[in-house]
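Here's the structure we're looking at; comments come further down.
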Amino acid sequence: MAMPAAEIEALIRAGLSGAEVTITDLAGDGDHYAAYVVWDGFEGMSRVARHKAVYAALEGRMGAELHALQLTTAVPN
């Protein structure tokens, strides 16, 4: 089941207020995406904690509507 990139972006922005989000469809199939997420709330968090925060923002869609998400996270400069 495909999930639109705009929906992924909207969910992450809603869950991580103030985040800058860039979504790239890696395979053109609506199931394999890359997300680049910049958020000041990531400051001091481990990579695993950052990924968990993004997955929480996706409200359970990871592994269901969304098959694969390659994550890159950062804090603002």
Selected residue (criterion: least open to solvent (accessible area, probe 1.4 Å)) from residues of the stretch 19-55 that are out of contact with any helix residue (DSSP H, G or I) (no Cβ under 8 Å at 6 or more places or on another chain) and acidic (D, E): D31
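Condition first: in contact with a Leu (Cβ under 7 Å, 6 or more places away or on another chain) and either closer than 10 Å to I12 by Cβ or aliphatic (A, V, I, L, M) (or both). Now tell me which residues in the stretch 38-58 satisfy that.
Going residue by residue through the stretch 38-58, those that are in contact with a Leu (Cβ under 7 Å, 6 or more places away or on another chain) are 39, 41, 51, 53-54, 57-58.
Within the stretch 38-58, W39, A53, V54, A57, L58 qualify.
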Residue check, A10 open to solvent by 50 Å² or more (accessible area, probe 1.4 Å), outside any strand (DSSP E or B), touching a residue at least 40 places away in the same chain (Cβ under 8 Å) and not hydroxyl-bearing (S, T, Y): no
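The values are calculated or read from the model by the stated rules, or taken from the named source; none is laboratory data. Given the structure is predicted, the values throughout are model-derived calculations rather than measurements. Cβ sites come from the backbone with ideal geometry, for glycine too, and all protein chains shown count toward neighbours. Each accessible area value is taken on the protein alone, full model and side chains, heavy atoms only, with ligands, DNA and RNA left out. Shrake-Rupley method; radii C 1.70, N 1.55, O 1.52, S 1.80 Å.
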